[in-house]
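In what follows, a structure is listed as structure tokens, so that the remarks can point back to it.
What follows is calculated from the coordinates using simple rules that are stated; it is not laboratory data. Nothing here was measured: the structure is a model prediction, and the numbers come from that model. Cβ sites come from the backbone with ideal geometry, for glycine too, and all protein chains shown count toward neighbours.
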């Protein structure tokens, strides 16, 4: 973070509009819009899937048809018209890329614009990247190197073909198809995503990273991520998201499942910057995501998220602390501006003994946005000595926005200890004045103070992500002072 | 350098300054003393550009520029520095990052290139030694968890880094023990050049043992009621502010 | 089997069957409107957010029949103006200026009384038996005590209306108690109007029998410069739910809500509070503490709203719970909904057990394990009880705690 200078920030600030709003002019193959059994069969056959997976999808579809869209979140939006969405869109060139040179130049261009030039990343950072555009994974780098360690990191579709046993064993074990409306929808129509398996005792030597991008118009993105960390292994996983500027609302309904077996550790970081809609609140991505991880004995799952994008966010990365001595962490920064709405938080379900969870949530509301923290801490009867600490702070930038805190605390064990604190306040006038007296402009002072306010969370991110997140915060809050 | 003429100011409808005049030239140190509620801190706040105060009459020129037309940060960039009576804590923002941002904003305003990381760090080392500030503090969040003395030293350290034309020290001695007072005063004295000036606002005389003023002004009921050489401070200490009140009334 | 249930068993209808319609001269249109509402309603279920942790099966499974005459009078207050209700009917009252009971008043005088479309509020009004109508226009020389006695197996719908005119003060104690063997359902609604500059302090003490069901609602409207304090002390009862709704409509008002709940055996105690800051420059403080023994369950839901443009609000809310046994549980939901920016709001919630270090420390000084724990627990709730200004009431509460849990103060 230290090598990110103020000048770079200034340069970024000049480009205050959503800079990922371009559309890649690439030929796309789509299935007809709408959703019925035939579409699901079509998707499944396009992907050459085994019959158990088709059955899984159809089953989920049956479940979904019986479900109603949830309305309990503190958000208002026009519900997506599920029959008008295209459930499968893929860059047309579907053959496998043998090497980086084979990748479509337009596609490479897109990645470069996103700041994730694979060449650069490969050379400089040693981050292995999987790139998912619209529904299909288009490039996975570093595959060979990871293979030597027995690590599997590939697109979900490839995993289905090449490692069906692993997929079949773990898929849907953390987020069952019946879990909720969007998870059921995803289970029926998911098109691709990432899969990762870290074998016993292996410490993944590099950050694994997936970039998600919605490109085609009128499409939804329904990807699935499945990360399995076998006993005693470690992996740090990064996820980035962008989408073009479009007047319509695009739906993103992903499912992420993390499985940390005994003594394994998974660190999952997200910088979510889906298109948030314009200043009048037109367009933008609906981000309705189900993320959950399960920890076996001594395992640890840590979720870190920086949420600056999307018109509507509905997202609760959660941990089921099943094994004794397992640990769950949730670090979140959620920024909303203009007409954005976010209802986000976490669930920490303590089942095992001596389980620990930490929740640090920083919400920043600007413009006319609404920003809610919603979290559940649940201590079950047998969770002896369970511990939770939650800190939820909200910062208000204008008198037209809202900041809300909805924690649910349920305790059924007398040896557990739960502490929850929340504060809501305005950005400190004294702090602003102090910075300005030292010659710092108001805009920059806000960016400084907000970054400081979020530091506990930003510190959890891997270096290169932290820099990106810091820039994003500044850009998201441009012109936000009331 | 700074000329204040017939300054009248209100806060929430209450008049605090009632026709204040003051002129400070380069190379000078002015002390402003006065009883509680006389308007000392109001003056400091107005010079720095706090918006709660309403200027109802008068003018302030700073090297020929109308100061009242400038925003807080523009005043800072023009070289006006306020050492706060109560320095503000900014959690999560490191002192270093804070100062570097400030310094570069000022340099940009003056059309200069940003300072290199190497030069900046050298400067931090040099200047922090000036106020005997532990370099570890430079990496901590701005003023967060600092002791009273550390906060005040940090103010002088920032002053050294930003190299202002005019420094206003608002009750910098309050809450300092004698050693800290000496260190702070020492720092201020070392920063003194023929091209800059300071206004030292204080309630007590003891700071003036260390920072020797060229002029002492007594602020009472919103006006400068008496101006004299440094000895005036001693008389005040001895006779108290009641003496001033009486001399005004009579 | 279940289908049959859903078609035929409206649990609210079953409750209403045992009740007779109110004879109080409420507005006729209001009665019709609320009657229609009840006709189309049923008891709330845990699917409703505000009843998420509160199951009404204990209520719907009980059949209410009648009551026994004459309960033992409680002596709490020597000095107070006493108003005693027994099994929903007025038993005695000590007159003072501004005191009436609902049954004595005409429909014009009652025109201000309203109920919302909430099942228990509407039920209370439609079947109200009586209640006080107090208008304080001059500060009284003595505190007021409203004693609710019940004895038997009956539903009591009492409805109170209390108004403090500008710049008056009042200290009111509301006590709910019942005979040991009784199995009542008390559904009590009180409206408080605190006008400009008035100070109202209310202490509510719930010591009903271990088989009684109690639902109560306090609806408070505060005007500018007013000060309202409510201390809720729940020491007994099988199932207790207190709903407090404070609408702060005038600037510079102060609101204090304090609560203590100590529950054992199968007790269920639920405190639902809402403070709605509609205007600027107000202060609210909330402090609720609970101790749960045996198989008891505690619920706390505190909501603070700060409406748009209600700037300069300071709102603090704190909830702390101690779970004393393996089978006890706590559900807490402290919420903030803020739509103005220049505010300072915070909430904190803790759930845990006694500090074993402190227990050990006390034992090392010679206290028995039990005495050490009692001392610590009593100190834990004592911090809230201290807020009861009326020392007679405080002594009464201490006495009850001593009787029930052996705590010494």
Item to check | Inverse mean reciprocal Cα-Cα distance (Kirkwood Rh) of the stretch B:1-145, Å | outcome: 17.4 Å
Checklist entry - So in the stretch A:387-482, what percent of DSSP beta bridges are antiparallel if you round to the nearest 5? => result 0 percent
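Can you give the Kirkwood hydrodynamic radius for the stretch C:343-409, in Å, rounded to one decimal and based on Cα pairs?
Evaluated over the stretch C:343-409, this radius sits at 13.7 Å.
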Next on the checklist: Could you work out the pair-distance distribution P(r) of the stretch B:2-249 from its alpha-carbon pairs, with 5 angstrom bin width and percents rounded to whole numbers?
Outcome noted: 1, 6, 13, 18, 19, 17, 13, 8, 3, 1, 0, 0
Checklist entry - Rg/Rh for the stretch C:79-209: what does it come to with C-alpha atoms and Rh from Kirkwood? => result 0.96
Next on the checklist: Rounded, prolate or oblate for the stretch A:306-457? Axes are the square roots of the Cα gyration tensor eigenvalues, ordered a ≥ b ≥ c, and the cut-off for rounded is a/c under 1.5.
Outcome noted: prolate
Next on the checklist: Which order do the peptides A:294-302, B:181-189 come out in when sorted by mean C-beta neighbours inside 10 angstrom, highest first?
Outcome noted: A:294-302, B:181-189
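Counting DSSP beta bridges in the stretch C:11-356, what percent are antiparallel, to the nearest 5?
Antiparallel: roughly 5 percent of the beta bridges in the stretch C:11-356.
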Checklist outcome for this item: Reduced to Cα centres, the span from the stretch A:414-446 to the stretch B:113-151 in Å works out to 22 Å
Next on the checklist: Antiparallel versus total DSSP beta bridges in the protein assembly as shown: what percent is that, nearest 5?
Outcome noted: 15 percent
Next on the checklist: Just to confirm the number: angle between the C-alpha axis of helix B:178-191 and the first principal axis of chain B, 0 to 90 degrees, nearest 10?
Outcome noted: 80 degrees
Checklist outcome for this item: Contact order relative to length for the stretch B:2-249, counting C-alpha pairs under 8 Å separated by 6 or more residues, stands in percent at 29 percent
Item to check | Cα-only Debye scattering, the protein assembly as shown: base-10 log of I(q)/I(0) at q = 0.06, 0.09 Å⁻¹ | outcome: -0.62, -1.19
Checklist entry - Where does the protein assembly as shown land at 222 nm, in deg cm²/dmol rounded to the nearest 500, when only DSSP H runs of n ≥ 4 count, each adding -39500 (n - 2.57), divided by all residues? => result -7500 deg cm²/dmol
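Taking Rh as the Kirkwood radius computed over C-alpha pairs, what is the Stokes-Einstein D of the stretch B:102-250 at 4 °C in a medium of viscosity 1.567 mPa s, expressed in µm² per second?
Rounded, D is 75 µm²/s.
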Item to check | Rounded to 10°, Cα long-axis angle of helix B:95-109 versus longest principal axis of chain B | outcome: 80 degrees
Next on the checklist: To test your reading of the geometry: what angle, between 0 and 90 degrees and rounded to tens, separates the Cα axis of helix B:148-162 from the longest principal axis of chain B?
Outcome noted: 70 degrees
Item to check | Peptide C:139-149, shielding by other chains (average Cβ, 10 Å cutoff) | outcome: 0
Item to check | Over the stretch A:359-482, relative contact order from alpha-carbon pairs under 8 Å, at least 6 apart, % | outcome: 27 percent
Next on the checklist: Bins of 10 Å, beginning at zero and ending with the bin holding the largest distance: percent of Cα pairs per bin for the stretch B:168-231, please.
Outcome noted: 19, 54, 25, 2
Checklist entry - For the stretch B:48-124, what are the per-bin percents of Cα-Cα distances with bins 10 Å wide, up to the bin holding the maximum? => result 15, 40, 32, 12, 1
Next on the checklist: Within 10 Å of each Cβ in B:46-53, how many Cβ atoms from other chains are there, averaged over the peptide?
Outcome noted: 2
Checklist entry - Modelled label-to-label distance, residue C:92 and residue A:59, 7 Å Cα→beta-carbon offset: nm? => result 7.2 nm
Checklist entry - If you line up the Cα atoms of chain C on their principal axes, what length do they span on each, largest first, in Å? => result 68, 54, 47
Item to check | Neighbour-count order for B:217, C:148, fewest beta carbons within 10 angstrom listed first | outcome: B:217, C:148
